[in-house]
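Notes to accompany the following structure.
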Amino acid sequence: MNDHELQRFGVSIGEALLEKFDKLIAEQGYTNRSEAIRDLIRNRLVETEFERSSDARASIGTITLVYDHHTREIGDVLTDIAHDHHDLIISTMHAHLTHNSCLEVILVKGCGKEIRAFADHVISIRGVKHGKLVITGLVEDE
Ligand code: NI
């Protein structure tokens, strides 16, 4: 792949959606739409590459969870699942956000497919209000 040979392509998009996108990327500091779209594409390609990887050393990621610690046994459930996947987990950070809410960030390393499956499992636990996996790895410059 050669990033220096630029191709142009047309995109059909609703006016309201494009206005929101332009506002967002302006807030993020982009000075042109093309660079913002290139970054979106690169991020999606990187995530997909590492989520699909079967290489046990290829992928690293963070799983961010927000949950209500009053949900029955959620702490024990999360701990049990984490111990079942101790080979994937490097460390876990916990913060008590409010009286009810906890934030947990789980740092993982290993096979991308296993990380994706583990993340889907913990994110779907009852009481987890929001969860997201950010996955990456060693990205070679192109
Ligand atoms: Ni807490």
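In table form, for the structure just shown:
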quantity	calculated
Test set (1) part of a loop (DSSP other than H, G, I, E, B); (2) closer than 20 Å to residue 124 by Cβ; (3) of a type outside the set (Gly, Ala, Ser) - residue 63 fails condition number	(1)
Any chance residue 64 is under 20 Å from residue 115 (Cα atoms), crowded, with 16+ Cβ neighbours inside 10 Å and either in contact (Cβ under 8 Å) with a residue 24 or more places away in the chain or not assigned by TED's automatic domain parsing to the domain that holds residue 119 (or both)	yes
Looking only at the stretch 86-130, and only at residues there that are of a type in the set (Gly, Ala, Ser) and crowded, with 19+ Cβ neighbours inside 10 Å, the one that is farthest from the chain's Cα centre (by Cα)	110
Members of the stretch 105-129 that are closer than 19 Å to residue 94 by Cα and touching a residue at least 60 places away in the same chain (Cβ under 8 Å)	123, 127, 128, 129
Scan of the stretch 73-83 for residues that are part of a helix (DSSP H, G or I) and either in contact (Cβ under 8 Å) with a residue 12 or more places away in the chain or exposed (fewer than 14 other Cβ atoms within 10 Å of the Cβ) (or both), ordered by number	74, 76, 77, 78, 79, 80, 81, 82, 83
Matching option when the condition is farther than 28 Å from residue 137 by Cα and either part of a loop (DSSP other than H, G, I, E, B) or in contact (Cβ under 8 Å) with a residue 60 or more places away in the chain (or both), among 86, 70	70
Of residues in the stretch 76-129 being of a type in the set (D, E, K, R) and more than 13 Å from residue 61 (Cβ to Cβ), the one nearest to the ligand (Cβ to nearest atom)	104
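Residue-by-condition table, conditions (1) more than 22 Å from the chain's Cα centre (by Cα); (2) surrounded by 12 or more Cβ atoms within 10 Å (Cβ to Cβ); (3) assigned to a loop (DSSP other than H, G, I, E, B):
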| residue | (1), (2), (3) |
| --- | --- |
| 7 | yes, no, yes |
| 10 | yes, no, yes |
| 13 | yes, no, yes |
| 18 | yes, yes, no |
| 27 | no, no, no |
| 31 | yes, no, yes |
| 36 | no, yes, no |
| 43 | no, yes, no |
| 49 | no, yes, no |
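The values are calculated or read from the model by the stated rules, or taken from the named source; none is laboratory data. Remember, it's a predicted structure, so these values are computed and weren't measured experimentally. Glycine gets a Cβ as well: all are built from the backbone with ideal geometry, and neighbour counts include every protein chain shown.
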